[in-house]
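Below is one structure, written out as structure tokens; the observations come after it.
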Amino acid sequence: RDIGALDVRDALEYISGVQLDTTTAVNSSRDNPENTTILIRGISAAMKKDGFARFVPMDPITISRVDIIKGPGGALYGQNGTGGVVNVGSVTAGRRPVGRLGASFGSFGFRRSEFLWSGPLIPGGAIGFALPGSYQTTRSNAMYYKMDTFVMNPALTMRFGPNTSLLASIESRFNTRD
């Protein structure tokens with residue numbers, strides 16, 4: 001939020017040893033920011049969300065944290081993790097109600113609004129619900145298109161103990177490009 005990152009790749013630009021390569025993505029147009037290969041120390045790295053492979057950009061409103069494992073330690077996450085892994089954690093429900101609204105405006109017709117509601121469903125916080133969402137519209141200065149994106153990621157968190165919880169989450173992403 002502090003650097004105005006619009007997806008995980010924007011935040012990764014500030015991490016040492018991590019490069020974003022938009023010129024080598026397979027079956028993609030050159031310099032398309034949606035088809036970025038992540039390189040950690042020059043070796044292709046895997047992108048995961050909650051430990052599962054992701055192939056589409058992730059909206060920051062749906063993320064609670066980003067873990068970066070550099071080098072062969074990423075093999076713990078399976079194939080394609082030998083160069084490293086970027087693992088993103090989903091938003092989970094807290095034990096107390098939280099609400100947030102925000103709006104951003106910028107050049108090239110950029111507009112973004114986001115909301116987040118999170119809180120317990122039952123007293124004590126053993127079961128909670130989080131509802132993050134965002135809407136963004138922008139025009140590309142290089143590829144001459146307008147893109148609208150709506151993202152929603154409802155999540156249900158069940159806590160069974162101090163260190164044990166279950167997360168049920170589904171992310172919906174709708175893009176239109178003119």
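Is segment 58-76 home to any residue that is out of contact with any helix residue (DSSP H, G or I) (no Cβ under 7 Å at 6 or more places or on another chain), under 18 Å from GLY4 (Cα atoms) and among the acidic types (Asp, Glu)? Checked segment 58-76: at least one residue is out of contact with any helix residue (DSSP H, G or I) (no Cβ under 7 Å at 6 or more places or on another chain), under 18 Å from GLY4 (Cα atoms) and among the acidic types (Asp, Glu). With respect to ARG173, determine if the residue is within 18 Å of the chain's Cα centre (by Cα), assigned to a strand (DSSP E or B), loosely packed, with under 13 Cβ neighbours inside 10 Å and of a type in the set (D, E, K, R). Judged against the criteria, ARG173 is not a match.
Whenever a residue of segment 161-178 is modelled with pLDDT of 85 or more, its partners that are open to solvent by 80 Å² or more (accessible area, probe 1.4 Å), lying with C-beta atoms within less than 8 angstrom and at least six residues away or across chains, give the pairs LEU166/PHE160.
Among the listed residues PRO97, PRO154, PRO72, PRO123, which satisfies the condition of being out of contact with any Ser or Thr (no Cβ under 8 Å at 6 or more places or on another chain), free of Cβ contacts under 8 Å to residues at least 40 places away in the same chain and not hydroxyl-bearing (Ser, Thr, Tyr)?
Result of the check over PRO97, PRO154, PRO72, PRO123: PRO123.
Among the listed residues GLY81, GLY128, GLY74, which satisfies the condition of being at pLDDT 80 or above and not acidic (Asp, Glu)?
Numbers: GLY81 fails: at pLDDT 80 or above; GLY74 fails: at pLDDT 80 or above.
That would be GLY128, the only listed residue that is at pLDDT 80 or above and not acidic (Asp, Glu).
The values are calculated or read from the model by the stated rules, or taken from the named source; none is laboratory data. Computed from a predicted structure; not experimentally measured. Virtual Cβ from ideal backbone geometry, glycine too; neighbours counted across all protein chains shown. For the accessible areas, the whole protein counts, side chains as well, though only heavy atoms, and no ligand, DNA or RNA atoms are used. Shrake-Rupley method; radii C 1.70, N 1.55, O 1.52, S 1.80 Å.
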